[in-house]
1. Mind listing just one residue for me: the one in the range A:246-266 that is surrounded by fewer than 24 Cβ atoms within 10 Å (Cβ to Cβ) and in a loop (DSSP other than H, G, I, E, B) and, of those, farthest from the other protein chains (Cβ to nearest Cβ)?
2. Looking at A:Phe186, A:Phe216, can you tell me which residue is out of contact with any helix residue (DSSP H, G or I) (no Cβ under 7 Å at 6 or more places or on another chain) and either part of a helix (DSSP H, G or I) or within 14 Å of another protein chain (Cβ to nearest Cβ) (or both)?
3. Determine if the range A:246-261 includes at least one residue that is over 30 Å from A:Thr89 (Cα atoms) and at pLDDT 80 or above.
4. What do you reckon, is B:Gly285 of a type outside the set (A, V, I, L, M), over 19 Å from B:Val46 (Cβ atoms) and touching a Ser or Thr at 6+ places or on another chain (Cβ under 6 Å)?
5. Which residues, taken from the range A:139-168, are surrounded by fewer than 16 Cβ atoms within 10 Å (Cβ to Cβ) and closer than 13 Å to A:Thr254 by Cβ?
6. Filter the range B:104-117 down to the residues that are without any contact (Cβ under 8 Å) to a residue 12 or more places away in the chain and under 19 Å from the mean Cα position of the chain (by Cα), then identify the one that is nearest to the other protein chains (Cβ to nearest Cβ).
7. Given the residues B:Leu98, B:Leu145, which is the only one that is more than 14 Å from chain A (Cβ to nearest Cβ), buried (at least 21 other Cβ atoms within 10 Å of the Cβ) and assigned to a helix (DSSP H, G or I)?
8. Restricting to the range B:286-320, count the residues that are within 11 Å of another protein chain (Cβ to nearest Cβ) and either under 21 Å from B:Leu198 (Cα atoms) or crowded, with 23+ Cβ neighbours inside 10 Å (or both).
Amino acid sequence: MSLLSGDLPRSRILSLLLLAVLVGLAFAPFLFGGAQPINTAAKVCVFILLVASYDLLIGYSGIVSFAHTMFFGIGGYGVGLALYYGTATWPVALGGLAAALVTGVLLAFAIGLFSLRVRALFYAMITLAVASAFAVLASQLSAFTGGEDGRSFRVPDALRPGTKFLDAPLFGVDVNGRLLAYYIVFLTVLALFLLLLRIVNSPFGRVLQAIRENEFRAEALGYRVVRYRVAANCIAAALAVVAGGLNALWLRYTGPDTTLSFTIMMDILLMVVIGGMGTLYGSVLGATLFVVAQNYLQKLMGSAAQALEATPLLARLVDPDRWLLWLGVLFVLSVYFFPTGIVGRLRSGRQAR
Amino acid sequence: MTDATASPPTIPRRRLDAWPLVLVPALALVALPLVGSPTSWVTLTVAGLAMGMMIFVVASGLTLIFGLMDVLNFGHGAFIAVGAYVALSALGPLAPWLASGDPVQTVLALLTAAAVAMVVTGALGLVFERVIVRPVYGNHLKQILITMGGLIVAEQLIRVIWGADQKPMPLPAGLRGGIMLGDVAVEKFRLLAVGVGLAVFAAMTLVLNRTKLGLLIRAGVENGEMVEALGYRIRRLFVGVFVAGSALAGLGGTLWALYRETLTADIGGEVMVLVFIVIIIGGLGSVGGCFIGAILVALTANYVGYLAPKLALVSNIALMVAVLMWRPNGLWPVSKR
């Protein structure tokens, strides 16, 4: 219980779902064979961390930031470029991550100190502008960052698929560098998620929620609102940087489309809202559901589009490239009807009984 | 104080805060020695003014909506894109007018297309206000989220209707080329854009300052409850301003598409970044600030784009930071919220 910082799921179905996600991710390489499911599982892990750190901002502190992908990107480019220009060793990768962490936190600090004094709307607009400028900068400095193509790089020896740790497969799975890489991603995310749970249930987290509910009153009680907000901003940025680093390490590639693009920011927003804002468990469910749906919904829409080929407009509506349309509709509907997301629904269902 | 019969001269006038006005010529003068040659400086300045006008047309609607309704519509970009696409479609049947190369017919055709675009985006604004925005008045977090959702859906619907690929939107033959003023070549289209922008600014200033409707809108910006208590239906004002703002976005989208000469569905999002910077610089809700802000942003972007092309977008952020350091709420903040 102390592992969960006293913040229990408080709903039987929710507990079961979370357990299923945990077991599924913990044993993903053994439960689902093949490369595709493991890639999906790694992506789920990375996004759980990313979305949970975003939830610290939007859900717990009431700060709407559109720059979260920027920090994700800083992490990705930090690790990626370090390994691209340096040797493929652990110190280089960790050095890149450290540099990215310093950059990200300083940037978050500067943006926060500068614009968190004013209202939420200002912050949303400023972060949107800064993030898009950063994305443009990253793709324009192509000599350094690889531009639109990004950079593929070599990871440390221990993480390469060719590295075998055991001669015989374990439960039918090769114990190789990829498996180690997956577990590094999984365990880091698990540890940081528990840390985040600790943070939001600490007195610090309470103050954040108080500020979200009534900034004026929190200030009157003697809390320095700006300090708390800037601190939350920096923590969220640092975690996003780590998520970006893990993502780059897993993909062995970093580029604007996988880290900085606005589509990813939209994805994060959707995951937070669908899962449930203001509860970290929501980000677990949101991220899992979204990433899995992203992979399988498109296939479903593809077959629907083929079935509807006779009616051109309808067929174009369900074209696999248009899946964002349906997610957008889902997003709007869930903001209206389920503002508390899946987790909020499950919990309130329990209270009603 | 509120006695309507009081003679006008006794009403205390707010002192005009002129410092922001100085910024524009100051910026242009600072750029002159940096750019070097006077001819390229004039070209850059005129181009910057034209771009500023286009951004102003787009941003003015947004800032007005924000000032009156306290709604920040992230979906404004969708209206820009829809306006551009509708204008493109409307120009199809008007092709013979454009092909004639006669300036009058060309401008007429463009005006028709822009009018169609404005009607469509205005109508869309009406629907958007009712379906998307109305349920979330007063809740900023939800507003941001839901208008963002509206933006995604609208952008995807554009791709469904007009196709996902890039579309050419060639500048009509009648507007190609430039006019020589001495040594300086000024593109005709830029002149048109400056004209449209000035007309919109003049019309907005007149309506806001010289009509009863404008009085009500300004009063609504200052204190909506009071206006309502005096018996005016502020809801209707809201809807009217929202529709007008959306129609302006449609006009701006038309201009922007002609300027870019290509159309993609994410054109709106791209302009929105500039628009946000502009209304933050100008002060949320202020039309005059928005005008100054748009010109400042466009001039900076043009000068920096000429001097150090890679820094163009970053320069806008720097400008925003500089302005906010000086005036944390923008040049001419209107709302005290």
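1. A:Arg252
2. Working: A:Phe186 fails: out of contact with any helix residue (DSSP H, G or I) (no Cβ under 7 Å at 6 or more places or on another chain).
Exactly one residue qualifies, and that residue is A:Phe216.
3. Keep residues of the range A:246-261 that are over 30 Å from A:Thr89 (Cα atoms), which gives none.
Checked the range A:246-261: no residue is over 30 Å from A:Thr89 (Cα atoms) and at pLDDT 80 or above.
4. Values: of a type outside the set (A, V, I, L, M): yes; over 19 Å from B:Val46 (Cβ atoms): yes; touching a Ser or Thr at 6+ places or on another chain (Cβ under 6 Å): yes.
Yes: the conditions hold for B:Gly285.
5. Within the range A:139-168, A:Phe144, A:Gly147, A:Glu148, A:Asp149, A:Ser152, A:Arg154 qualify.
6. Let us first name the residues in the range B:104-117 that are without any contact (Cβ under 8 Å) to a residue 12 or more places away in the chain, namely B:104, B:108, B:111, B:115.
Next, only the ones that are under 19 Å from the mean Cα position of the chain (by Cα) stay: B:111, B:115.
Details: B:Leu111: 31, B:Ala115: 27 Å.
Looking at the filtered set, the residue picked out is B:Ala115.
7. On the way: B:Leu145 fails: more than 14 Å from chain A (Cβ to nearest Cβ).
Result of the check over B:Leu98, B:Leu145: B:Leu98.
8. Number satisfying all stated conditions: 3.
The values are calculated or read from the model by the stated rules, or taken from the named source; none is laboratory data. Keep in mind that what you see is a predicted model, and the values were worked out from it rather than measured. Positions of Cβ are backbone-derived with ideal geometry, glycine not excepted, and every protein chain shown enters the neighbour counts.
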